[in-house]
Amino acid sequence: MNKILAEKIREAFTSVLPISVIVLAASVVLVPMPTGTILMFIVGAALLILGMGFFTLGADMSMMPMGEGIGIQLTRTTKLGLTMIICFLMGLITAIAEPDLQVLAAQVPSIPPLQLILAVAVGVGLFLALAIFRILFKIPLSALLLIFYGLLFAVAILVPLIPQYYFLASFIPVAFDSGGVTTGPMTVPFILAMGVGVASVRSDKNSQDDSFGLVSLCSIGPILAVLFLGIFFKPSGADVSISAIPQVNTSRDVIEHFAVEFPRYAEDMFLALAAIVVFFVIFQCVSRRYKKHQIGRILIGFLYTFIGLVVFLTGVNVGFIPVGHFLGEQLAASSYKWVLVPLSILIGYFIVAAEPAVHVLNKQVEEISQGTIPQRAMKRGLSIGMAAALAITMVRILTGIHIMYILIPGYAVALTLTFFVPKIFTGIAFDSGGVCSGPMTSTFLLPLAMGTCQGVGGNLMTDAFGIVSMVAMTPLIVIQIMGLLYGHRIRKAAKHAEAQALDITGAGEIVEYGVEESSND
């Protein structure tokens, strides 16, 4: 076990090192930072690496076996209503436990955090039930995506045109961001494994393709839920609060800042994981699915997951948020603010590797595709998508372009591609959009966008918020383009193999014909 943990921590180190070097280099060359702030960033990066190592090991041991087991067990019941209720409850519980959602809810004005979290959780629960229903009844994912994204954009475009609901236009970025943050390190391992479990019971040729797509559907529900919630609360951007950069003078101050936050995140994660553990115990009592040694392994996995998330969240929240906001604000207020665009491209390309859920998705894709879609190709595609997302976001903030002018054509391209790419790539692409927008987005990239927006004097509600939705959108296009190239390569290889087979057959026939002639003579 220690050897596996050491390997996970080593993988986390290689993932986090590039983004840490980029930020530290920027602090020396572009924006000189206080020594205490840099020290907090370095400590935060170390905690992030340690936490990611524990979390990925814990997810492999607990969340994924649990999700797959529940998925398989659900298909064995003939009571469809009970299956949908269980799916709804699991979506509700895991969404409430999602740390990214709590970070976003604390930064949204006018709506109480608890109400926002509950609305998002209900959206996740409903659409998780719908996603399982789709797999069981073999409904094409592309059809559901067209229907619900069509409904989503209809609400986002038409409702603000009504005079009494004009204020909703400023709330659209927050709504789209909520769809991205709900599919983070807590929900992704469980939901992905649940989809694999349900699809594995089917024996038809499309079962592997249908194992993906749950995350993508679970990202739509929260957006609709938050849009409808915004109608009742009439949010405005007047009271958006910016986290102050803590004053740090000595190494003791650094330790105190982290020590103060550890208990808070430990309490939050304990309550969140406790609900999932209770559900697991009830499930095991009813189904008797797992053996004693499996139960022990899953419970140890929950402990590793708890340790990993507490350490990870403490590191990124205390060490990364101040640096992200300071970097964005100082650069945006300078005469060379446009350097934020290439800097964001560089940050985006490397920061995706620091998202815990990305590793879970890449591993799942490689296993389901039996190695034909390697983790390296997925990682490169997601890195390109993240780099594009941050470039678009920075241009949008610096110029004040409304987010709908980007989201509408972006999703139009993504949905159009679903008709041309292999089915498995549609599910992977739309899942990857939610997976990329994890803790690093909400705790580093969102503060970076808010600092930039404050530096140029923009509107925080309409300009800074929306970065998560950009991160969730661009992988849909990039991964599907990768799917087109992959499909072309497969067809080319098949034609080449067929041509070789014809050549061999033709050569065999000539030899055989010659033998027959000589025997007749």
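No lab work stands behind these numbers, since they all come straight from the coordinates. Note that the structure is a prediction, hence the values are computed from the model and not measured. Every residue, glycine among them, receives a Cβ derived from its backbone with ideal geometry; neighbour counts consider all protein chains shown.
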So if we plug the beta-carbon distance of Glu256 and Arg489 into 1/(1 + (r/R0)^6) with R0 = 51 Å, what FRET efficiency do we get, rounded to 0.05? 0.40
Measure out, as a whole number of angstrom, how far apart the alpha-carbon centroids of region 272-311 and region 115-154 sit. 27
How large is log10 I(q)/I(0) at q = 0.26 Å⁻¹ when the Debye formula is applied to the Cα atoms of region 418-463, each weighted equally and without solvent? -0.86
List, in the order given, every pair from Lys363/Lys495; Lys423/Lys492; Lys337/Lys379; Lys3/Lys379 whose Cα-Cα distance in the structure shown is over 20 Å. Lys363/Lys495; Lys337/Lys379; Lys3/Lys379
Length gained when the stretch Leu89-Ile231 is fully extended (0.36 nm per residue, less Cα-Cα span): 48.6 nm
Name the residue from Val311, Gly180, Leu448 whose Cα lies farthest towards the positive end of the charge dipole of the chain, charges +1 on Cβ of Lys and Arg and -1 on Cβ of Asp and Glu. Val311
With the Cα gyration tensor of region 10-49 in hand, convert its eigenvalues to equivalent ellipsoid semi-axes via √(5λ) and list them largest first in whole Å. 20, 12, 4
Expressed in nanometres to one decimal, the distance between label points 7 Å along Cα→Cβ at Thr399 and Gln247 is 4.2
Per the Cα gyration tensor, the chain corresponds to an equivalent ellipsoid with semi-axes, largest first in Å, of 40, 27, 26
Options Ala106, Gly91, Met40, ranked by Cα towards positive dipole end of region 1-111, top entry (Cβ charges): Gly91
Separation of the Asp268 and Leu303 label points, Cα + 7 Å toward Cβ, nm: 2.5
How about region 315-424: which chymotrypsin sites (Phe, Trp or Tyr not before Pro) there are in a DSSP loop, with at most 11 other Cβ atoms within 10 Å of their Cβ? Tyr336, Phe419
In region 256-348, the trypsin sites (Lys or Arg not before Pro) that sit in a DSSP loop and have at most 16 other Cβ atoms within 10 Å of their own Cβ are Arg288, Arg289, Lys291
What number in nm² do you get for region 387-482 if you take the convex hull of its Cα atoms and divide its surface by four? 5.7
Quick check: pseudo-label points 7 Å beyond the Cα along Cα→Cβ at Val201 and Ile42, how many nm apart are they? 5.4
Per DSSP helix of 4 or more residues, -39500 (n - 2.57); summed, then divided by the residues of the chain. What does that give at 222 nm, rounded to the nearest 500? -26000 deg cm²/dmol
